[in-house]
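Readers should treat all values here as calculations from the given coordinates under stated rules, not as data from a laboratory. Bear in mind that the values here come from a model prediction, so they are computed numbers and not experimental data. Here the Cβ positions follow ideal geometry from the backbone for every residue, glycine too, while neighbour counts run over all protein chains shown.
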Amino acid sequence: MLRELLEEHCRWLETRNYASGTLHNNRLYIGRFIEWLAERGVTRAQDVTRPMIERYQRVLFHHRKKDGLPLSFAGQHVRLVTLQGFFKWLCRKYYITANPAADLELPKVEKRLPRQVLTAHEAEQILNQPDLATPLGQRDRAILEILYSTGMRRKELTGLRLYDFDLERGTVMIREGKGKKDRLLPLGARAAAWLNKYLEEARPKLVVEPDEREVFLCVSGRGLTPGVLGNLVHQYVKQSGVGKVGSCHLFRHAMATLMLENGADLRYVQQMLGHARLNTTEIYTHVNIRKLIEVHQLTHPAKLPAPPGADAPPPSSL
């Protein structure tokens, strides 16, 4: 039965140290496909055909989420790639003799630019929002500074432990980030100073025993969760009045874009962000518009001074 094979597949992934997110996606996306098949009387792997998968692909295209919006092409793509992996595994384990998902034509994933990118001034406005007279305000300022300095993901920040920081060297270790990859990041001097202030003055007031060594704690003394952190940063962005919507990823986008604008090599930004492929980082070169504006002003003929003796532009009729 397909449901039992899915569980076996997930156990196989787990023994090969695949990330928990990968296991979750497999159970969710393949499970929904299995439910769709069961509604049509198909419960055995060997009965699944290529036309069935192509029909399900059309179902995904026409599907509407709770908010009425369609699945993005990236969302459709990841669901179909997960199915491809499942049937490839079934074929490799000889549960089926031919792979019905082989060479399935996948939707082209659009390369979208970040919708909201903070300027340096706007980032500073948000950083100045926490109330530094309270332990939670000191904690929040340290959080915002670290997000801005390193561009780490929210899950990476909530996973930090005290031993991950080396304030003397100015570094922070991300352990098992996306793809279960570790990376060592530089921590800016200002972020390090705010972190040190939080650790010395605020964290002792929040911690409860036994101390699990999580860096950032909530009022209960336990570590922040990614969801709580996201809501927290979102509120500060809204409170700042910058007119942009977002949360932790706003600082990730800002760090990458501003570093590129100031001359950083793309490969260093890739290392900061923890991207496996350089083309993922290249999206920020399209957001980095300042240099393009400078070149446009210097070279476009409409921007150059009129040559001597040239006629003045006609008066506007508006």
Estimated 222 nm signal from helices in the chain, with DSSP H stretches of n ≥ 4 weighted -39500 (n - 2.57), rounded to 500:
-14500 deg cm²/dmol
For residue 205, which aspartates and glutamates qualify as cross-link partners when the Cα separation must be under 15 Å and same-chain residues fewer than eight apart are set aside?
140, 214
With every atom except the alpha carbons ignored, what do you get for Rg and Dmax of segment 28-135, in angstroms?
21.2, 67
Partner lysines for residue 180 [C-alpha distance under 18 Å; skip if fewer than 8 residues away on the same chain]:
155
Which entries of 111/178; 244/291; 88/108; 65/93 show an alpha-carbon separation above 25 angstrom in the structure shown?
65/93
Per-bin percent of Cα-Cα distances, segment 1-60 [10 Å]
21, 49, 27, 3
Given (i) 75, 73, 35; (ii) 71, 51, 33; (iii) 73, 39, 39, which label gives Cα extents along the principal axes in Å as computed from the coordinates?
(i)
When the convex hull of its Cα atoms is projected in every direction, mean area for segment 120-293 (nm²):
10.2
Relative contact order of the chain, pairs being alpha-carbon contacts under 8 Å that are 6 or more residues apart, as %:
15
Computed over the Cα atoms of segment 153-223, what is the convex hull's projected area averaged over all directions, in nm²?
4.9
Mean projected area in nm² (Cα convex hull; one quarter of hull surface) for segment 71-183:
11.8
May I ask you to order 158-171, 66-79 by the average number of other C-beta atoms within 10 Å around their residues, highest value first?
158-171, 66-79
